[in-house]
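Okay, structure first, notes after.
The values are calculated or read from the model by the stated rules, or taken from the named source; none is laboratory data. Just so it is clear, the structure is predicted and the values come from calculations on it, not from any experiment. All Cβ positions, glycine included, derive from the backbone under ideal geometry; neighbour counts span all protein chains shown. Calculation scope for accessible area: heavy atoms of the full protein, side chains included, ligands and nucleic acids excluded. Shrake-Rupley method; radii C 1.70, N 1.55, O 1.52, S 1.80 Å.
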Amino acid sequence: MSNLRRSFFDKLAQAGRQLYACALPQSCVLCAADSGPHALCTACEQDLPRLPTAHCPVCALPTPQGAPCGDCLQQQPAFDHTVAAWSYAWPLDRLIPAFKYSGQLLLARPLADGLHAALRDAARPDLILPMPLHPQRLRERGFNQSQLLAKAVAKALDCPWHQDVLERIKLTPPQASLPREARRTAIKQAFRCRQALSGLHIAVVDDVMTTGASLNEVAATLKQAGAQRVDCWVLARTLS
(Lines give C-alpha, C1' and ligand atoms only; values in the text may rest on other atoms or scores of the structure.)
Protein backbone atom coordinates (compact mmCIF):
# COMPACT_ATOMS: atom_id res chain seq x y z
CA MET A 1 0.00 0.00 0.00
CA SER A 2 1.41 3.41 -0.98
CA ASN A 3 2.12 6.03 1.68
CA LEU A 4 -0.63 8.21 0.21
CA ARG A 5 -3.24 5.46 0.44
CA ARG A 6 -2.07 4.50 3.91
CA SER A 7 -2.39 8.12 5.04
CA PHE A 8 -5.90 8.29 3.57
CA PHE A 9 -7.05 5.18 5.40
CA ASP A 10 -5.42 6.33 8.64
CA LYS A 11 -7.36 9.60 8.42
CA LEU A 12 -10.55 7.71 7.60
CA ALA A 13 -10.09 5.44 10.61
CA GLN A 14 -9.45 8.46 12.83
CA ALA A 15 -12.65 10.11 11.62
CA GLY A 16 -14.54 6.88 12.30
CA ARG A 17 -13.26 6.75 15.85
CA GLN A 18 -14.30 10.37 16.37
CA LEU A 19 -17.83 9.71 15.07
CA TYR A 20 -18.12 6.65 17.27
CA ALA A 21 -16.99 8.65 20.29
CA CYS A 22 -19.65 11.28 19.58
CA ALA A 23 -22.36 8.70 20.24
CA LEU A 24 -20.98 7.70 23.64
CA PRO A 25 -21.10 9.47 27.01
CA GLN A 26 -18.08 11.71 27.45
CA SER A 27 -15.96 13.04 30.25
CA CYS A 28 -15.15 16.75 30.10
CA VAL A 29 -11.67 17.16 28.60
CA LEU A 30 -10.87 19.80 31.21
CA CYS A 31 -12.31 18.59 34.53
CA ALA A 32 -13.27 14.95 33.73
CA ALA A 33 -16.86 15.50 34.92
CA ASP A 34 -19.66 13.76 33.04
CA SER A 35 -20.41 15.89 29.98
CA GLY A 36 -22.89 13.62 28.19
CA PRO A 37 -22.19 13.55 24.45
CA HIS A 38 -20.11 16.75 24.61
CA ALA A 39 -16.38 17.38 24.95
CA LEU A 40 -16.88 20.08 27.62
CA CYS A 41 -19.22 20.15 30.58
CA THR A 42 -21.51 23.16 30.97
CA ALA A 43 -19.48 24.65 33.84
CA CYS A 44 -16.17 24.55 31.98
CA GLU A 45 -17.76 25.88 28.82
CA GLN A 46 -19.18 28.85 30.73
CA ASP A 47 -15.79 29.51 32.36
CA LEU A 48 -13.88 29.94 29.11
CA PRO A 49 -12.20 33.38 29.07
CA ARG A 50 -14.51 35.80 27.29
CA LEU A 51 -13.03 38.71 25.37
CA PRO A 52 -13.38 42.00 27.30
CA THR A 53 -16.52 43.86 26.26
CA ALA A 54 -14.57 47.05 25.55
CA HIS A 55 -12.38 46.28 22.54
CA CYS A 56 -11.36 47.74 19.21
CA PRO A 57 -14.20 47.15 16.72
CA VAL A 58 -11.70 46.55 13.92
CA CYS A 59 -9.14 44.11 15.40
CA ALA A 60 -10.79 43.18 18.76
CA LEU A 61 -7.88 44.19 20.98
CA PRO A 62 -9.14 45.50 24.36
CA THR A 63 -9.33 49.30 24.44
CA PRO A 64 -10.80 51.91 26.81
CA GLN A 65 -14.52 52.38 26.11
CA GLY A 66 -14.22 50.12 23.05
CA ALA A 67 -12.59 52.80 20.90
CA PRO A 68 -10.51 51.86 17.84
CA CYS A 69 -6.95 51.00 18.87
CA GLY A 70 -3.93 53.09 17.92
CA ASP A 71 -2.63 50.59 15.38
CA CYS A 72 -5.93 50.48 13.49
CA LEU A 73 -6.20 54.28 13.55
CA GLN A 74 -2.67 54.63 12.24
CA GLN A 75 -3.01 51.97 9.54
CA GLN A 76 -6.48 50.62 8.80
CA PRO A 77 -6.34 46.86 8.10
CA ALA A 78 -7.90 45.49 4.94
CA PHE A 79 -10.63 43.91 7.08
CA ASP A 80 -13.39 46.06 8.54
CA HIS A 81 -14.54 44.37 11.73
CA THR A 82 -13.60 41.48 14.02
CA VAL A 83 -15.72 39.31 16.29
CA ALA A 84 -13.84 37.04 18.70
CA ALA A 85 -15.61 34.71 21.09
CA TRP A 86 -12.82 34.47 23.66
CA SER A 87 -9.41 35.66 24.75
CA TYR A 88 -6.62 33.27 23.83
CA ALA A 89 -5.73 32.24 27.36
CA TRP A 90 -5.93 29.06 29.41
CA PRO A 91 -7.64 26.70 28.74
CA LEU A 92 -8.27 27.78 25.14
CA ASP A 93 -4.53 27.74 24.52
CA ARG A 94 -4.85 24.01 25.19
CA LEU A 95 -8.22 23.31 23.57
CA ILE A 96 -7.69 25.03 20.22
CA PRO A 97 -4.34 23.33 19.48
CA ALA A 98 -5.88 19.98 20.52
CA PHE A 99 -8.69 20.57 18.02
CA LYS A 100 -6.41 21.93 15.31
CA TYR A 101 -3.35 19.70 15.50
CA SER A 102 -4.39 16.58 17.42
CA GLY A 103 -7.64 15.87 15.61
CA GLN A 104 -9.88 16.14 18.68
CA LEU A 105 -12.92 16.84 16.53
CA LEU A 106 -15.31 16.56 19.48
CA LEU A 107 -14.16 20.08 20.36
CA ALA A 108 -15.60 21.47 17.12
CA ARG A 109 -19.11 21.68 18.52
CA PRO A 110 -18.49 23.68 21.73
CA LEU A 111 -16.03 25.96 19.93
CA ALA A 112 -18.45 26.63 17.08
CA ASP A 113 -21.29 27.15 19.56
CA GLY A 114 -19.21 29.75 21.41
CA LEU A 115 -18.46 31.62 18.20
CA HIS A 116 -22.11 31.49 17.21
CA ALA A 117 -23.10 33.00 20.58
CA ALA A 118 -20.59 35.83 20.09
CA LEU A 119 -22.17 36.62 16.72
CA ARG A 120 -25.62 37.28 18.17
CA ASP A 121 -25.54 40.99 17.27
CA ALA A 122 -23.19 40.78 14.29
CA ALA A 123 -24.26 41.97 10.85
CA ARG A 124 -25.16 39.02 8.64
CA PRO A 125 -22.82 38.63 5.65
CA ASP A 126 -23.68 37.61 2.11
CA LEU A 127 -21.17 34.77 2.28
CA ILE A 128 -19.10 32.97 4.93
CA LEU A 129 -15.66 31.64 3.98
CA PRO A 130 -13.20 29.55 6.01
CA MET A 131 -9.54 30.48 6.23
CA PRO A 132 -8.06 28.08 3.66
CA LEU A 133 -5.18 25.65 4.21
CA HIS A 134 -2.48 25.04 1.65
CA PRO A 135 -3.08 21.64 -0.01
CA GLN A 136 0.07 20.20 1.58
CA ARG A 137 -1.07 21.24 5.07
CA LEU A 138 -4.51 19.81 4.36
CA ARG A 139 -2.98 16.46 3.38
CA GLU A 140 -0.86 16.43 6.53
CA ARG A 141 -3.70 17.36 8.88
CA GLY A 142 -6.56 15.59 7.14
CA PHE A 143 -9.07 18.40 7.71
CA ASN A 144 -9.36 22.18 7.84
CA GLN A 145 -10.48 23.26 11.30
CA SER A 146 -11.69 26.62 10.00
CA GLN A 147 -13.89 24.87 7.45
CA LEU A 148 -15.56 22.80 10.18
CA LEU A 149 -16.22 25.97 12.18
CA ALA A 150 -17.47 27.93 9.16
CA LYS A 151 -19.89 25.18 8.17
CA ALA A 152 -21.33 24.92 11.69
CA VAL A 153 -21.68 28.68 12.15
CA ALA A 154 -23.22 29.14 8.69
CA LYS A 155 -25.80 26.48 9.47
CA ALA A 156 -26.63 28.07 12.83
CA LEU A 157 -27.01 31.52 11.25
CA ASP A 158 -28.73 30.24 8.10
CA CYS A 159 -26.13 32.01 5.97
CA PRO A 160 -24.50 30.72 2.77
CA TRP A 161 -20.91 29.50 2.96
CA HIS A 162 -18.41 28.06 0.50
CA GLN A 163 -15.19 26.13 0.98
CA ASP A 164 -13.59 26.69 -2.42
CA VAL A 165 -14.00 30.41 -3.20
CA LEU A 166 -10.77 31.26 -1.38
CA GLU A 167 -7.61 29.18 -1.76
CA ARG A 168 -4.13 29.26 -0.30
CA ILE A 169 -1.54 29.07 -3.06
CA LYS A 170 1.66 29.74 -1.09
CA LEU A 171 3.05 27.35 1.51
CA THR A 172 4.37 29.34 4.46
CA PRO A 173 5.89 28.38 7.81
CA PRO A 174 3.37 28.23 10.69
CA GLN A 175 2.60 31.86 11.54
CA ALA A 176 2.98 31.22 15.27
CA SER A 177 6.66 30.40 14.69
CA LEU A 178 7.46 33.75 13.08
CA PRO A 179 8.13 37.23 14.53
CA ARG A 180 5.51 39.89 13.83
CA GLU A 181 7.15 41.52 10.79
CA ALA A 182 8.19 38.16 9.33
CA ARG A 183 4.54 37.05 9.42
CA ARG A 184 3.49 39.95 7.24
CA THR A 185 6.25 39.27 4.73
CA ALA A 186 5.71 35.51 4.61
CA ILE A 187 1.97 35.73 4.01
CA LYS A 188 2.14 38.21 1.10
CA GLN A 189 0.34 36.91 -2.01
CA ALA A 190 -0.46 33.64 -0.24
CA PHE A 191 -4.15 33.59 -1.24
CA ARG A 192 -6.26 33.66 -4.37
CA CYS A 193 -9.97 34.29 -4.84
CA ARG A 194 -11.59 32.11 -7.47
CA GLN A 195 -14.66 34.21 -8.25
CA ALA A 196 -15.86 37.80 -8.39
CA LEU A 197 -17.35 39.12 -5.14
CA SER A 198 -18.58 42.49 -6.38
CA GLY A 199 -20.27 44.47 -3.63
CA LEU A 200 -20.54 41.51 -1.23
CA HIS A 201 -20.16 41.47 2.53
CA ILE A 202 -17.86 38.54 3.41
CA ALA A 203 -17.11 36.96 6.79
CA VAL A 204 -13.93 34.91 7.13
CA VAL A 205 -13.81 32.26 9.88
CA ASP A 206 -10.51 31.35 11.56
CA ASP A 207 -9.38 29.92 14.88
CA VAL A 208 -7.05 32.52 16.45
CA MET A 209 -6.14 36.11 15.57
CA THR A 210 -2.66 37.02 16.78
CA THR A 211 -1.12 39.81 14.69
CA GLY A 212 -3.91 39.60 12.13
CA ALA A 213 -1.40 39.28 9.27
CA SER A 214 -3.09 36.27 7.63
CA LEU A 215 -6.58 37.71 7.95
CA ASN A 216 -5.38 41.07 6.65
CA GLU A 217 -3.90 39.41 3.55
CA VAL A 218 -7.10 37.40 3.05
CA ALA A 219 -9.21 40.54 3.34
CA ALA A 220 -7.01 42.36 0.83
CA THR A 221 -7.39 39.45 -1.59
CA LEU A 222 -11.17 39.44 -1.20
CA LYS A 223 -11.41 43.19 -1.72
CA GLN A 224 -9.33 42.90 -4.87
CA ALA A 225 -12.03 40.48 -6.02
CA GLY A 226 -14.66 43.15 -5.38
CA ALA A 227 -15.81 42.51 -1.81
CA GLN A 228 -17.20 45.65 -0.22
CA ARG A 229 -16.77 44.59 3.41
CA VAL A 230 -14.77 41.83 5.09
CA ASP A 231 -15.32 40.77 8.69
CA CYS A 232 -13.14 38.38 10.69
CA TRP A 233 -14.89 35.82 12.90
CA VAL A 234 -12.43 34.03 15.16
CA LEU A 235 -12.61 31.75 18.15
CA ALA A 236 -10.03 33.70 20.14
CA ARG A 237 -7.95 36.87 20.13
CA THR A 238 -4.51 37.11 21.68
CA LEU A 239 -4.27 40.12 23.97
CA SER A 240 -0.67 41.11 23.34
Residue in segment 9-18 that is open to solvent by 20 Å² or more (accessible area, probe 1.4 Å), of a type in the set (S, T, N, Q) and either part of a loop (DSSP other than H, G, I, E, B) or at pLDDT 95 or above (or both) present: no
Filter pass, Ala219 being at pLDDT 95 or above, closer than 25 Å to Ala122 by Cβ and open to solvent by 40 Å² or more (accessible area, probe 1.4 Å): no
Count - residues of segment 28-50 that are under 16 Å from Gln104 (Cβ atoms) and touching a Phe, Trp or Tyr at 6+ places or on another chain (Cβ under 6 Å): 1
Pair list, Cβ < 9 Å and 6+ apart or interchain, from segment 75-98 residues that are under 18 Å from Cys56 (Cα atoms) to residues that are of a type in the set (Val, Ile, Thr) and assigned to a helix (DSSP H, G or I): Ala78/Val218; Ala78/Thr221; Phe79/Val218; Tyr88/Ile96
Hits in segment 19-51 (condition: hydrophobic (A, V, I, L, M, F, W, C), at pLDDT below 85 and surrounded by fewer than 13 Cβ atoms within 10 Å (Cβ to Cβ)): Leu19, Ala23, Leu24
Hey, Ala43 under 24 Å from Asp158 (Cβ atoms) and free of Cβ contacts under 8 Å to residues at least 60 places away in the same chain or not: no
